[in-house]
Amino acid sequence: MNGTTIRPGRRLPAALALALAAAAVAALTGCEPTGDGRLNAAAVAFTTDRTATSTFKRLGVEVRWLSCTSAPGSAPPAGAGYATVDCEGETAGGESITLRGRVTEERAGVCVRGDLAARVGGKAAFDAEFLGDCTQPRPSRRAPEPTPTVTVTVTRTVTPP
């Protein structure tokens, strides 16, 4: 043990709890297969939470907490699938925050695209087609190309004296 003691009845500091939750989500996102064209629901929830919180802050809304869940949608035969996302939270002033919609693309924790609608205190806050930085090129999902290798065999001839 590193000297940290958690006593019953005491709460973890918010920053530590957030860091542990982020680590858990990051660990889980690598475990969910997505080879069938469906989006990774855990990655969608995590990225939507991050990007929505940043967007609310940019709009002047102080977010006390925000928690997002996601579920995979169908994977149409002709294209990529989607995931539904549902976020609930609260402002520093105690007003409710909701964000709901359909995500069609998630980019490595920095961007979600789709059809999203946010409300604060029951009033429309924003409608968005994307949240986060979607300007970066989409990461390739292909396996890396093989690289050529060179094999050198060294032989030595030894003659007896």
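Bear in mind these aren't lab numbers, they're just calculated from the coordinates by the rules spelled out. Worth saying up front: this structure is predicted, and the values here are computed from it rather than measured.
Under a 5 Å amide H cut-off, with hydrogens placed 1.01 Å from N, L39 pairs with G73, G81, Y82 among residues at least 5 apart or on other chains.
Annotation: amide H-H contacts under 5 Å for F130 (H modelled 1.01 Å from N, sequence separation of 5 or more, or interchain): G114.
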